[in-house]
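These notes concern the structure reproduced below.
The values are calculated or read from the model by the stated rules, or taken from the named source; none is laboratory data. The shown structure was predicted, so the numbers you read here are calculated from the model rather than taken from an experiment. Quick reminder, even Gly has a Cβ in these numbers, built from the backbone with ideal geometry, and neighbours come from all protein chains shown. Note: areas computed on protein heavy atoms with side chains; ligands, DNA, RNA excluded. Shrake-Rupley method; radii C 1.70, N 1.55, O 1.52, S 1.80 Å.
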Amino acid sequence: MESMTFVLFGATGDLAKRKIFPALYNLYVDQKLPQSISIIGLGRRDLSHSDFQEKVKDSILDFSRRLEHEAANMGEFLDYFRYSTLDVNREEDYQSLLELVRQREKELHLEENRMFYLSVAPEFFETIALNIKNSGLGQTNGWKRLIIEKPFGHDLQSARELNEKLSRAFEEEEIYRIDHYLGKPMVQNLEALSFANPILQSLWNKEHIANVQITASETVGVEKRAGYYDQAGAIRDMVQNHMLQILMMTAMAKPKTINAAEIRHEKRKVMESLRPLKEKEVKNDIVRGQYISGEVNGQKVQSYLEEPGVSPFSNTDTFVAARLWIDHPSWTEVPFYIRTGKRMKEKSTRIVIEFKNKENQKYKNNQMNPNLLIIEINPNENISLQLNSKNPLNNGKITPIRIDFSNNQISLGVPEAYERLIYDAFNGDSTFFAHWKEVELSWEWVQPILHVFENNLVPLHKYQSGSYGPAASDSLLLDNGFKWWPDE
Ligand code: NAD
């Protein structure tokens, strides 16, 4: 791997501590960092290099998945790190940063490859990108790359404005937009599951698939994020990005070759085929919910409106379910259902593919269950296939059986999402990052829903904490003769 400089804005923040430093360390232990690397952390506070290195060390001891951290050569790893004080608005701070970057490039004989990771609030993205350009940090003889993380805008217009500003300093190919769901092993596996298996590949279309269900349910409430969440809701926090990304990965057609450009091309085609919702259709195809008090995992919990930092009159959605149609010949008449919510009965991100059953009539008395392919993404990593089989203990009655594969046993050794994604960005592999077009098309699809929600034109269904969400989300499926699987 090429030598490089990794510049981390927001190095004193929570994301750096919990995810980024442990990810870098795990990569180091796995010998997946470049042989020569300079890592420069930035924050508003004044810190010495050694104070900063201590912080990095503490975060690794607290959050690294590696058990070897005692034994491995922590000193060598920490020596990659330097610190510079930077206020995003002060131009002179970028000059000090540039001096440090150059000094380390000289000392370590590094190529001028520079990666800028913005682990700061999104309102700073533009200012930082502009200052990278103006200060000379972005003028290199090597490559430069920018890593940013959602939210990419608050709506279609602000997303476009942000992108336009970023694109003054970085080309699209230089921007790596993290959607950490795309870093999850089972999401990355979707492409192999559907294209590396001729059995599944031949069934992955409207002839054989009755419907697709994507669920991302959480048991937690809004936690300490009310300031952000009450302005965003589930529609911005989950649907616009993670849910639509999983949908794209599930529905995309087989790429000509398996590489970043082709996969992203196919994903984009899914978004381009997604039937736009007119505002009056939102009422029929979208269910909006908000949790009231209840019991989750045996604990009594309060309603969303009682959460600290939430307005007592808030209409923010903590649950969204939707029925989507992909107007592409492969998927005509196949509904895709998505739902996501907080304070639900279980924590689970999964995809269920329900297959058509044309043979049901032949077994009149049996009421067969459909074949299901269930892909569990989080917290368990499982693939299971539900088939029908005669039960010899029950007079040969046809009953469902499950064929199961679980990744769970090996998951301790599996790199975490941030490790995979940072590693891919180091290597210039953008397969599992969101392309601007995907982001823009997602906002376009979501935009009429935002308008309807903001103007309160659809009911806000209250659902009990610890439930599967409002009953109205079951009706979305019942309308088409389906139900959520597995049985609830
Ligand atoms: P944080 O508040 O803990 O840290 C923010 C960082 O920004 C700090 O290092 C702070 O010094 C720096 N900062 C603030 N104002 C600055 C200024 N004027 N100049 C220079 N630096 C400044 O936030 P966080 O939780 O680490 O999140 C960072 C970003 O990542 C946010 O955009 C957040 O939405 C996103 N994010 C965070 C998480 C998470 O798990 N924490 C997950 C996904 C996305």
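Remarks
- Test set (1) open to solvent by 60 Å² or more (accessible area, probe 1.4 Å); (2) closer than 23 Å to residue 193 by Cα - residue 325 fails condition number: (1)
- Filter result for residue 408 (at pLDDT below 95 and open to solvent by 50 Å² or more (accessible area, probe 1.4 Å)): yes
Conditions tested, residue by residue: (1) on the phi > 0 side of the Ramachandran plot; (2) surrounded by fewer than 21 Cβ atoms within 10 Å (Cβ to Cβ); (3) out of contact with any Asp or Glu (no Cβ under 7 Å at 6 or more places or on another chain); (4) not hydrophobic (A, V, I, L, M, F, W, C).
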{"residue": "237", "(1), (2), (3), (4)": "no, no, yes, yes"}
{"residue": "252", "(1), (2), (3), (4)": "no, no, no, no"}
{"residue": "269", "(1), (2), (3), (4)": "no, yes, yes, yes"}
{"residue": "287", "(1), (2), (3), (4)": "no, no, yes, no"}
{"residue": "290", "(1), (2), (3), (4)": "no, no, no, yes"}
{"residue": "304", "(1), (2), (3), (4)": "no, no, yes, yes"}
{"residue": "319", "(1), (2), (3), (4)": "no, no, yes, no"}
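- Of the numbered criteria (1) at pLDDT below 95; (2) open to solvent by 20 Å² or more (accessible area, probe 1.4 Å); (3) closer than 21 Å to residue 27 by Cα, the one residue 60 fails is (2).
- So residue 149, is it under 26 Å from residue 448 (Cα atoms), open to solvent by less than 40 Å² (accessible area, probe 1.4 Å), of a type outside the set (Val, Ile, Thr) and within 15 Å of the ligand (Cβ to nearest atom): yes
- Within region 342-400, the set of residues being over 16 Å from residue 483 (Cβ atoms), acidic (Asp, Glu) and open to solvent by less than 30 Å² (accessible area, probe 1.4 Å) comprises just one member, 381.
- Screening residue 239 on (1) more than 20 Å from residue 343 (Cα to Cα); (2) modelled with pLDDT of 95 or more shows it passes everything except condition (1).
- Restricted to strands (runs of 3 or more DSSP E) entirely inside region 299-346, those with at least 3 residues that are touching a residue at least 24 places away in the same chain (Cβ under 8 Å) are 319-325, 335-341.
- Taking the listed residues 291, 304, 337, the one that is under 19 Å from the mean Cα position of the chain (by Cα) and among the aromatic types (Phe, Trp, Tyr) is 337, with no other qualifying.
- Filter pass, residue 442 being touching a Lys or Arg at 6+ places or on another chain (Cβ under 6 Å) and in a helix (DSSP H, G or I): no
- The listed residues are 36, 48, 64, and the only one of them that is small (Gly, Ala, Ser), more than 13 Å from the ligand (Cβ to nearest atom) and more than 24 Å from residue 100 (Cα to Cα) turns out to be 64.
- One residue stands out among those in region 1-33 that are aromatic (Phe, Trp, Tyr) and within 16 Å of the ligand (Cβ to nearest atom): the one that is farthest from residue 85 (Cα to Cα), which is 21.
- Among (1) over 23 Å from residue 26 (Cβ atoms); (2) assigned to a helix (DSSP H, G or I); (3) in contact (Cβ under 8 Å) with a residue 24 or more places away in the chain - the single one residue 106 does not satisfy: (3)
- Scanning region 463-483 for residues that are assigned to a loop (DSSP other than H, G, I, E, B) and crowded, with 19+ Cβ neighbours inside 10 Å yields 466, 468, 469, 470.
- Of everything listed in (1) in contact (Cβ under 8 Å) with a residue 60 or more places away in the chain; (2) surrounded by 17 or more Cβ atoms within 10 Å (Cβ to Cβ), the single unmet condition for residue 227 is (2).
- Residues of region 99-123 that are away from the ligand (no atom under 13 Å from the Cβ), among the aliphatic types (A, V, I, L, M) and within 32 Å of the chain's Cα centre (by Cα): 101, 115.
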